[in-house]
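Comments concern the structure below.
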Amino acid sequence: MSLEEKLPGWKEIPIGGIPFKPSTEYKTGDWKVFKPVINYEKCTKCLFCHIYCPDGAIKIKEDGYPEPDYDFCKGCGICAEECPVKAIEMVKD
Amino acid sequence: MEIKQILMGLNGDEAVAYAIKQVDPDVVAAYPITPQTIIVERFSEYVADGEVHTEFISVESEHSALSACVGAAAAGARAFTATAANGLALMWEILYIAASCRLPIVMAIVNRALSGPINIHCDHSDAMGARDSGWIQIFCENSQEAYDSTIQAWRIAEHPDVQLPVMVCLDGFVLSHTLENVMTLPDEVVKKFIGERKFVTIKNHFGKEVPFILDPENPITIGPLDLYDFYFEHKMQQIHAMENAPRVIEEVGKEYGKISGRTYGLVHPYKLEDAEIAIIGLGSTMGTAKIVVDRLREKGVKAGLLRIRSFRPFPAQQIIEHLKDKKVIGVLDRAASFGAYGGPLFNEVRNAFYDQDIKPLISNYIYGLGGRDMPPQRLMIIFEDLQKIMETKRIEKTVKYIGVRE
Amino acid sequence: MAEKLTLKDIAKKPDLLMSGHRLCAGCAAGTIVRLALKATRGPVILANATGCLEVATTIFPYSSWKVPWIHNAFENVAATASGIEAAFRAMKKVNKGPLAKYEHIDVIAFAGDGGTYDIGFQALSGALERGHDFLYILYDNEAYMNTGIQRSGGTPRFAWTTTSPAGKVIPGKRKWKKPIARVVAEHEIPYVATASIAYPMDFVRKVRKGLEVEGPAFIHVLSPCTRGWRYPPEKTIKIAKLAVETCFLPLWEAEFKDGEIVYTLSAPSERIARKPELKKPIEEYLKLQGRFSHLFRPKKRDDLISEIQQWVDYEWRLILKRCGKL
């Protein structure tokens, strides 16, 4: 009961079931067991890791290198598996 | 100001189609089904002749008809569809979705009995099946009202305090295929009355106040997964919108009266003031019943009637006000609710009176299923029964079936 | 005019599907949608059938969508998209209404295999026949994954699902997968393609082409499912690739031009057509997936594996013929 009371009431939320928060406020990063760590000495900036990531959790830095966003990375390991130069290692989070 | 109206000979379907031509919605998506077919046929002609700008989507099913209307209305269009009986049943899932997404779609229901066995004639089993779907339901007495209500429906649906879809119900064949004199307003008067579609604004998931439509510049998400933590609140909003609807239906009905001379409300009484016995019901039968009331009055019987125009929202207070001092009332249901204690209208009417200290005796008459005719003679049987109840002060059988063979 | 897109260009385009969605780790659908949206040209409106993607991206009060998005029901995404497209056309016609300000809006429908092969097929077929200008993307994870792995018309033969279990008598699903993309192509719509996210640029190019044609376009993209196909999440792309390398999913495009459906093999499959020795045995694809484990354990079922191989060969030959390669 107490949980419901903390949430906004029907007079406060948008009508028609329109969501009012971006999913970026929901961190899926705590799902992971292993996290990708990029070895920038090996990385060639091919960006396949960014392309393949189902969660959009590999951002591209200003210098063009990829960077995991651990707030959202679920640790699936696709990036490490697909990295053509094996520059990504999955390590225990 | 007196507006010059044009008298046209139209059947109910044509009256609806003509009103929709004048409204000129962006999208009509519909599928033919007897006795609604004339609406889509006539409207197709308006489209073919370039008399409307409407995109007419001739869909492959009623399910898709309403689904397309949901897409169109969510994209900011005025969207219309029309159906009957099995077509409405096929839409059932989307009825609830359209209402919960708060999309002001207008739909004509040409009332027809639901299968099976398959039947094409009038009863209200189709609309009654949709009574809990969150749609406003307006029942028309004649083709004139079908025309008038099809115009008013947009103003009701799109009202910022309502934002709910509206069904305009007219009796299959009795109205849909029967030629009547219909007074029509000039196109520009209709256009001015309904105006452009306006949009309420809501806060989207980026915290921005934006119009409630699918607009690439201001994205919103319509139709999410809504679990136990918010679903109830969304239903509460729908309940609240429905609570606002009676006021809006009356306001719109009055405003329409100013331009047309024909004022509409939630209920329409006939010779009720001093009546001792009265019937209450929906649709075209209540037109026939006026003649019966007149005949009874000639004989000195204090008879009257109350026609419910708005079944959803249900005008309980208005019904109580009009009927509380009557001795006996008969509720006419043109639909059976199998296993229930009487028909759907009866249940609501009697429930409305429960808390009243002084209330009439209330009897239920189920009639006209599958198009079984309801001529004055059969209505007379009902009034005679009401007179008997008044004299004996007791109802022997609460639910009676009128016009069925044993 | 068509702009030439490189992988770097695509990578730099902003993600229109935001992080924080709750698709399973390793779910291909996330990648499919991210890439498809990176291929868009300008304003878009999305319609989504009921399914994993719909549920996982819009758990109230959250939304993952940076574009306008609507979910109506399971079986009607094509009809919903029809309504959106018609609404836009009507507003453009009179230059009035809230969307009239846009020169063009790409309308995209996303649906899974259940919403396409099965319950949504009627609405899809109707919308294709009516010729609405929209792109329908089928992300095919080959079963009703949202309800917990039940067989659909898209489930391949002998695959285990919870409603086609590998029993003592019946070894998984009894029937072949419906050739959905070919069935859609027979509607004589402007553009149909098959795709795999293991070839992202091929997929992106196809999405762009599907948006550029006038009239309906359809893309069938395989969406490997870690939970339902029973494989470790990091193998998603590998499996999507093997599907193509074994010719389980030949990549092709079909365009309806001058009264003919013209089929063309896409590069990854074209290479196999030129060098048939590149074609890998289907066993390599099957053995990675737990849903086919009953074909390998406790006893290897060469008879069933060879039946699948025969079907793959038959379908591959059929596509080669359609593409004028035989």
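Toward the positive end of the charge dipole of region B:267-402, about the Cα centre and with charges on Cβ (Lys, Arg +1; Asp, Glu -1), which of B:Thr288, B:Val349, B:Gly371 goes farthest?
B:Gly371
When the Cα atoms of chain C are enclosed in a convex hull and the volume is divided per residue, what value in Å³ results?
Here the figure is 136 Å³ per residue.
If the protein assembly as shown were replaced by its equivalent ellipsoid, with semi-axes equal to the square roots of 5 times the Cα gyration tensor eigenvalues, what would those be, largest first, whole Å?
57, 27, 26
Take the alpha carbon atoms of region C:203-243, find their center, do the same for region B:381-406, and report the distance between the two centers in whole angstrom.
68
Select from C:Cys52, C:Cys247, C:Cys24 the residue whose mean-square fluctuation is largest in a Gaussian network model of chain C (Cα-Cα springs shorter than 10 Å).
Comparing C:Cys52, C:Cys247, C:Cys24 in the GNM, the peak value goes to C:Cys24.
Would you mind giving the mean number of other chain beta-carbons within 10 Å of the Cβ of each residue in C:11-19, as a whole number?
6
What's the longest uninterrupted piece of chain A once you rule out the GluC sites (Glu not before Pro) that are loop residues per DSSP with at most 15 other Cβ within 10 Å?
In short, A:63-93.
When DSSP beta bridges are limited to those with both residues in the protein assembly as shown, what percentage is antiparallel, rounded to the nearest 5?
Restricted to the protein assembly as shown, the bridges split so that about 35 percent are antiparallel.
What is the dipole size for the protein assembly as shown, taken about its Cα centre, with +1 at each Lys and Arg Cβ and -1 at each Asp and Glu Cβ, in debye to the nearest 20?
Dipole size: approximately 2220 debye.
Please name which of A:Pro66, A:Cys83, A:Pro54 has its Cα lying farthest along the dipole of region A:28-92 towards the positive end, using unit charges on Cβ (Lys, Arg +1; Asp, Glu -1) and the Cα centre as origin.
So the residue we want is A:Cys83.
If you wrap chain B's Cα atoms in a convex hull and average its projection over all directions, what's the area in nm²?
One quarter of the hull surface, i.e. the mean projection, equals 21.6 nm².
Can you tell me the 0 to 90 degree angle between the C-alpha axis of helix B:285-298 and the longest principal axis of chain B, rounded to 10?
Tilt relative to chain B: about 30 degrees.
Hey, got the average number of other protein chain Cβ atoms within 10 angstrom for residues in C:194-200?
1
Among C:Lys280, C:Lys300, C:Lys38, whose mean-square fluctuation peaks in a Gaussian network model of chain C (Cα, cutoff 10 Å)?
In the Gaussian network model the winner is C:Lys300.
Rounded to the nearest 10 degrees, what's the angle between the helix B:376-392 long axis and the longest principal axis of chain B, both from Cα atoms, 0 to 90?
The angle comes out near 60 degrees.
Let me test this: with uniform point scatterers at the alpha carbons of region B:262-406, what is the Debye-based log₁₀ I(q)/I(0) at q = 0.11, 0.12, 0.14, 0.22 1/Å?
-0.35, -0.43, -0.59, -1.65
About its Cα centre, what dipole magnitude does chain B give when the only charges are +1 on Lys and Arg Cβ and -1 on Asp and Glu Cβ, stated in debye to the nearest 20?
Using Cβ point charges on Lys, Arg, Asp and Glu, chain B gives about 1340 debye.
With springs connecting C-alpha atoms under 10 Å apart, model chain B as a Gaussian network and identify which of B:Gly71, B:Gly257, B:Gly223 has the largest mean-square fluctuation.
Result for chain B, Cα springs under 10 Å: B:Gly223 fluctuates most.
What does the C-alpha gyration tensor say about the overall shape of region C:157-232? Classify as rounded when a/c is under 1.5, otherwise prolate if a/b is larger than b/c, or oblate.
oblate
Taking K and R as +1 and D and E as -1, what net charge do the other residues with C-beta under 10 Å from the C-beta of B:Asn111 add up to?
Charge balance near B:Asn111 sits at -1.
Please list C:135-146, B:363-374 highest first by mean number of surrounding beta-carbon atoms within 10 Å per residue.
Ranking, from highest mean packing down: C:135-146, B:363-374.
Rounded, prolate or oblate: pick one for region B:19-104, where a ≥ b ≥ c are the square roots of the eigenvalues of its C-alpha gyration tensor, a/c under 1.5 means rounded, and failing that, prolate if a/b is larger than b/c, else oblate.
oblate
Which value, to two decimals, describes the C-alpha radius of gyration of region B:63-111 once divided by 2.2 N^0.38 Å?
That works out to 1.02 for region B:63-111.
Return one number: the angle in degrees, 0 to 90 and rounded to the nearest 10, between the long axis of the Cα atoms of helix B:12-23 and the longest principal axis of the Cα atoms of chain B.
Helix B:12-23 sits roughly 30 degrees off the main axis of chain B.
Suppose only helical runs count, i.e. DSSP H with n ≥ 4. What mean residue ellipticity at 222 nm does that imply for chain B under -39500 (n - 2.57) per run, divided by all residues and rounded to the nearest 500 deg cm²/dmol?
The helix-only estimate for chain B comes to -12500 deg cm²/dmol at 222 nm.
Report, in whole Å, the centroid distance computed from the Cα atoms of region B:252-275 and region B:217-239.
Each part reduced to its Cα centre gives a spacing of 36 Å.
Just rank B:Ile120, B:Ile280, fewest to most, by other beta-carbon atoms within 10 angstrom.
Lowest count first: B:Ile120, B:Ile280.
Could you tell me what percent of the DSSP beta bridges with both partners in region A:28-92 are antiparallel, to the nearest 5?
DSSP beta bridges in region A:28-92 are roughly 100 percent antiparallel.
Can you put C:Asp9, B:Asp385 in order of Cβ neighbours within 10 angstrom, beginning with the fewest?
Ascending number of Cβ neighbours within 10 Å: C:Asp9, B:Asp385.
Around C:Phe88, with a cut-off of 13 angstrom between Cβ atoms, what is the net charge of the other residues, counting Lys and Arg +1 and Asp and Glu -1?
-2
Exposure proxy check: B:Ile320, A:Ile18, C:Ile180 ranked by fewest other beta carbons within 10 Å?
Taking fewest neighbouring Cβ atoms as first place, the list is B:Ile320, C:Ile180, A:Ile18.
Roughly speaking, what is the stretch gain from C:Glu260 to C:Lys96, that is 0.36 nm per residue apart minus the C-alpha to C-alpha distance, in nm to one decimal?
The C:Glu260-C:Lys96 span can extend by a further 55.2 nm.
List the pairs from A:Lys35/C:Lys12; A:Lys32/A:Lys61; B:Lys254/B:Lys324; C:Lys66/C:Lys175 whose alpha-carbon separation is above 28 Å, in the order I gave them.
C:Lys66/C:Lys175
Mind running the shape call on region C:44-191? Use the C-alpha gyration tensor, a ≥ b ≥ c as the square roots of the eigenvalues: rounded below 1.5 for a/c, prolate if a/b tops b/c, oblate otherwise.
Verdict is oblate for region C:44-191.
In nm, give the distance between the simple-model label positions of B:Lys208 and C:Arg297, each being 7 Å from the Cα along the Cα-to-Cβ direction.
Going by the 7 Å Cα→Cβ label model, 5.3 nm.
Taking the Cα centre of region B:1-114 as origin, work out the dipole magnitude from +1 charges on Lys and Arg Cβ and -1 charges on Asp and Glu Cβ, in debye rounded to 20.
Taking the Cα centre of region B:1-114 as origin, the dipole is about 320 debye.
Okay, helix-only estimate at 222 nm for chain C: each DSSP H run of n ≥ 4 adds -39500 (n - 2.57), divide by all residues, round to 500 deg cm²/dmol; what do you get?
-10500 deg cm²/dmol
Run through the DSSP bridge list for chain B and note the antiparallel percent, rounded to the nearest 5.
30
How many angstrom lie between the Cα centre of region C:253-325 and the Cα centre of region B:34-90?
43
Run lengths n ≥ 4 of DSSP H only: what is the helix-derived mean residue ellipticity at 222 nm for chain A, with -39500 (n - 2.57) per run over all residues, to the nearest 500?
For chain A, the value works out to -3000 deg cm²/dmol.
Just counting partner chain Cβ atoms within 10 Å, what average do the residues of peptide C:88-100 show around their Cβ?
Taking the mean over all residues of the peptide, I get 6.
Where a number appears in this text, it was derived from the coordinates with a stated rule and is not lab data. These numbers were taken from a predicted model, which means no experiment stands behind them. Note that we place each Cβ from the backbone using ideal geometry, even for glycine, and neighbour counts take in every protein chain shown.
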